[in-house]
Amino acid sequence: MPALVEREILEAALAAALERGGEFAEVFVEDRRTSSALLDQRRVEELSSGRDRGAGIRVVVGETTGFAHTADLSEASLVQAARAAAGVARGGGGGVREVRLGPIDEHPSRADLEPGHVDKERKIELLRHADEVARAQGTAISQVQVALGDSTRRFVVANSEGVFAADHQVRTRFNVSCVATGDAGMQTGYRPIAATRGFEVLSSEAVAEAARGAALQAITKLEARPAPSGEFAVVLAGGSGGILFHEACGHGLEADAIMKQASVYAGKVGQLVASPLVTLVDDGTVDGEWGYLAVDDEGRPGARNVLIENGVLTDYMWDYLRARKQGRTSSGNGRRQSYQHLPMVRMTNTYLLEGEDDADGIVASTPYGVYVAQLGGGQVNTATGDFVFGMTSAFLIENGRITAPLRDCNLIGNGPDVLQRVDAVANDFSMMPGTCGKNGQSVPVGCGQATMRLTGVTIGGTAS
Amino acid sequence: MSELLALAEGILEGAGGGHEIEIYLSRGVDTEVQAYQGEVEELTTAASSGIGVRVLRESAGGAQVGTAWAGSLDEDAVQEALREARDNLRYATQDEYVTFARPDGVAAVSLQLTDPSVASTPLKEKIAMAIELERLVRDGDNRIRQVESANYSDYVAEAAIVSTFGVRASYSRSGAFVSVEAIASDSSGDQTGWGLSAGRAPGDLDVAQAASDATRRATRMLGARKPASMKCTAVFDARSAATLLAIIGGSLSGEAVVRGRSFFANRLGEEVAASSFTVLDDPTDPRHFSASVYDGEGLACRRNVLIERGRLSAFVYDSVSARRAGTASTGSAVRGGIAGSPSAGCRALQLVPGELNQAEIFERVANGIYVESLTGVHSGVNPVSGDFSVGVTGMMIRDGELAEPVREITVASTLQRMLLDVEFVGNDVEWLPGHAAGQSLAVSGISVSGV
């Protein structure tokens, strides 16, 4: 495959970025192709294709980062963007600095079936298949929407310290959303499939399973009663419960929040911050997962980083800039939404290691509480640790048995507090894909955990 | 004629025949400054542009549409987008309702939404505003322990839409913002508060007001506790009320209605809210930062009354959802940039103000909870079923006055119930970034979950 941009052009742009005294410069060149297909109300409404290509250049001088980007990949345009980014430098002291890049660290696509090689007819067949399977689950299904999307993202990143790396990331996503209508109104169900893989992940069986799951979730919720209000024991089913850790502590362990003393976990390395059952890992190397990356968006290899080990805080997550200030290396967590964005510390695949309890046993030993089969998104205030996350499929637990379905609501808690409340972790680990938003940038992430119990969390329902 | 409109017409003319074509071009310049500890921490200056193409083929069995986009206006990017859109069209289901907008004779209002001073203000003055904002927060109160970020940002954006159906529209808009997040601290721990000021140009911004807003919000939350669960009246502040209004607006989209995804479906003409509740979507009101002359399909924006004294009176439509519903577009197509196709949505929502200011509302409510921030709105509100549950911070209202701060709680009800339970709509309108203005809003029968 041809290079996105010639090595000499990257070297020229880096030299231009440093000519006013910059201490560090980086060029990130990206070419992303996306395609999507949407089926709604049994109609293939729209196929769309997109292409986004450009370069982002940053220059660091002291505590200041200058950034500029351009959609034009010519040498003249990159040099112009480099000079714009370097505008934050106060002049003087620079002079000519030559930048010579060594051999490139280049990573191939992990896709067996590249999106561009898939017949559009085949995509349409899958959409229709999901629609039919969902509707076959019951006459209450009144609305089915199926979306398929893929992206092929090639990038090359080079910096003044000799990093020179390229990655070819192929991601495939398939979502089924259903509405069921009953006497008491409408309810929704949702199932995603998402992987850092090619079209091979979308087998007819996988698509049908997602469709069935989404439809049954909506139908089940037609019978849902209002969720309770107040503090209860909560059992989180394996998979989507991982978002609890993403929100409750993951964001608070990102070095940008730590270095600004804007996290409740600042200064706590080596301290017991969680139940000893908690070992939390952020891991960009989980092949095929939604947050997988061969190298991060700063050219650093993806890595498996243990953040909390048996309840003890072991380390934070780092990008280049924050690591540099601390005189250490990045942990491979420097990510950006696109060439138009500055990288910052982001999670990849964040998960809680599984334990030894039996998932059914955890439910059976819970006299009264809430069983959360699926969590939606969440949000955290890293400075206070307060977080919320939404239950999109939940049930009451009564006398050790899963009983009535509950209507959607949020759970609310405080990170450091809830980490102490983990009193059982099962051995049925699984992962779920998600999209993480931070400071206006979205990146794909994975979350995972096994079935687990929290001794008391506030459920934001309406039933007293 | 704007340069961008001329460019769009040139692309349309050169696109060749055989299909109906719509070209949407956008172009913008952005500046962002983040200050930290008296220095510029990040400075971004960027220009971007792009094209969204839709092609349509009409035949006896219905029309088909295909779309493509590119983040560049280079000739080869434009040609590739045209080619891809044509190819994509072949796979769409024929649909008798699919169409592009046709000029409907409604004249566009004349609005001046771009302030040239955004472009002409020297960068160093913009930097100075961010640094001053941070300094005011740090020095304003000795309980402020940290300012996580103090930001200045602005933009000038323009767009042009042309089509073979005769649409020919272009418009531009500018905006400038400062925002700051303060962390206050005492022996009880840390609390945060966020302040902002918005305008069309740097000169509109009130940096001192943004600073004092963040400081006040952070410091008065110090010592906040989690109260016992209860049922009471909640008074939402202007910002959180604007968030609620935007959610309601989503369900007033004719597109959500025709897709069977709105709890307002089949309820036109019914009493859906308290009689004090009147909702307008009016992009032609220049006080909205999101005001616009044209909608996302190039039709003139207009004022639409959606809920009138509690009665559901209308939905907003784009061309396709209107046809499905058997009505006409309300000039309410919105599109999420070059990659998004038009859909029906509210752009500039507001509630007709009531009689009371915030203090008077507190007095009438006597006892309840004052909500100053919402979290988990995307995860805790289901706009299809209407289930509503969000995390909040705020203060208790006791004997008509603000009392102790509270946190780590949720407020819950259903959207349907909340609309009927509106007790007071304030007269203290704040024009905010986003798609809705806000003012104090009192809603009874709210379940508060705490310990």
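Only the coordinates and a few stated rules stand behind these numbers; no lab work does. Worth saying up front: this structure is predicted, and the values here are computed from it rather than measured. Heads up, the Cβs are rebuilt from the backbone with ideal geometry, glycines too, and the neighbour counts pull from every protein chain shown.
I need to check one value: relative contact order of chain B, counting alpha carbon pairs closer than 8 Å and at least 6 residues apart, in percent.
Details: 1238 pairs, mean separation 69.0, N = 451.
For chain B, the relative contact order is 15 percent.
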>> Give me the one-decimal nm value for the distance between modelled label points at A:GLU398 and A:VAL306, 7 Å along each residue's Cα-to-Cβ direction.
In response: 4.4 nm
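Taking the Cβ of each residue in B:GLU372, B:GLU430 as the centre, tally the other Cβ atoms inside 10 Å and list the residues starting with the fewest.
B:GLU430, B:GLU372
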> So for chain A: antiparallel DSSP bridges make up what percent, rounded to the nearest 5?
Replying inline: 90 percent
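Take B:ILE144, B:ILE446 and order them by how many other Cβ atoms sit within 10 Å, fewest up front.
Working: B:ILE144 20, B:ILE446 26.
Exposure proxy ranking, most exposed first: B:ILE144, B:ILE446.
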> Stokes-Einstein at 10 °C, 1.306 mPa s, Kirkwood radius from Cα pairs: D for the protein assembly as shown in µm² s⁻¹?
Replying inline: 56 µm²/s
> Mind ordering A:446-453, B:131-138, A:277-284 by average Cβ neighbours within 10 Å, highest first?
Replying inline: A:446-453, A:277-284, B:131-138
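Which whole number gives the average count of other chain Cβ atoms within 10 Å of the Cβ atoms across peptide B:83-91? Numbers along the way, then the final one.
Working: counts 1, 7, 3, 0, 3, 8, 2, 3, 10.
Averaged over the peptide's residues, the number is 4.
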>> Taking beta carbons within 10 Å but only from partner chains, what does the mean come to for residues A:61-73?
In response: 5
>> If neighbour count is taken as other Cβ atoms inside 10 Å, put A:ARG407, A:ARG421 in order from fewest to most.
In response: A:ARG421, A:ARG407
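Quick one: if the Förster radius is 45 Å, what FRET efficiency do A:GLN41 and A:SER365 give, using the C-beta to C-beta distance and rounding to 0.05?
Computed FRET efficiency for A:GLN41 and A:SER365: 0.50.
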> Between the helical axis of A:120-135 and the dominant principal axis of chain A, each derived from Cα atoms, what acute angle in degrees is found, rounded to the nearest 10?
Replying inline: 20 degrees
> Between B:SER2 and B:ASP76, what FRET efficiency comes out of the Förster formula 1/(1 + (r/R0)^6) with R0 = 22 Å and r the beta carbon distance, rounded to 0.05?
Replying inline: 0.40
>> Based on alpha-carbon centroids, what's the gap between segment A:19-58 and segment A:284-299 in Å, whole number please?
In response: 17 Å
>> If I model a spin label at B:ARG90 and B:ARG303 as a point 7 Å from the Cα along the Cα→Cβ vector, what separation in nanometres do I get?
In response: 5.0 nm
> Among the aspartates and glutamates, which fall within straight-line cross-link reach of A:LYS325, defined as a Cα-Cα distance under 18 Å, with same-chain neighbours fewer than 8 residues apart omitted?
Replying inline: A:GLU23, A:GLU26, A:GLU63, A:GLU161, A:GLU254, A:ASP256, A:GLU298, A:ASP315, B:GLU39, B:GLU41, B:GLU42, B:GLU148
> What is the sum of charges around A:LEU277, taking Lys and Arg as +1, Asp and Glu as -1, for the other residues whose C-beta is under 12 Å from the C-beta of A:LEU277?
Replying inline: -3
> Once the Cα atoms of helix A:75-85 and of chain A are each reduced to a long axis, what angle between those two axes, in degrees from 0 to 90 to the nearest 10, is obtained?
Replying inline: 70 degrees
> At what distance in nm do the modelled label points of B:LYS231 and B:SER110 sit from each other, each positioned 7 Å from its Cα along Cα→Cβ?
Replying inline: 5.7 nm
> Given the alpha-carbon gyration tensor of segment B:1-157, what are the semi-axes of its equivalent ellipsoid in whole angstrom, ordered largest first, with each equal to the square root of 5 times an eigenvalue?
Replying inline: 45, 17, 16
> Computed FRET efficiency, Cβ-Cβ of A:ASN427 and A:LEU272, R0 25 Å: what is it to the nearest 0.05?
Replying inline: 0.60
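A:ARG100 to A:GLU223: extension gain in nm, 0.36 nm per residue of separation minus the Cα-Cα distance?
Values: separation 123, 0.36 × 123 = 44.28 nm, distance 6.61 nm.
Extra length available between A:ARG100 and A:GLU223 comes to 37.7 nm.
Nearest-5 percent of antiparallel DSSP beta bridges in the protein assembly as shown? Could the numbers behind the result be given before it?
Numbers: 233 of 263 bridges.
Taking every DSSP beta bridge with both residues in the protein assembly as shown, the antiparallel ones total about 90 percent.
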>> Restricting to Cα pairs below 8 Å that are 6+ residues apart, what does the relative contact order work out to for chain A? Please round to a whole percent.
In response: 15 percent
>> What lysines does A:LYS221 reach when the alpha-carbon gap must be under 27 Å and sequence neighbours fewer than 8 apart in one chain are set aside?
In response: B:LYS231
> What average count of beta carbons from other chains do you get within 10 Å of the Cβ of residues in B:332-344?
Replying inline: 1
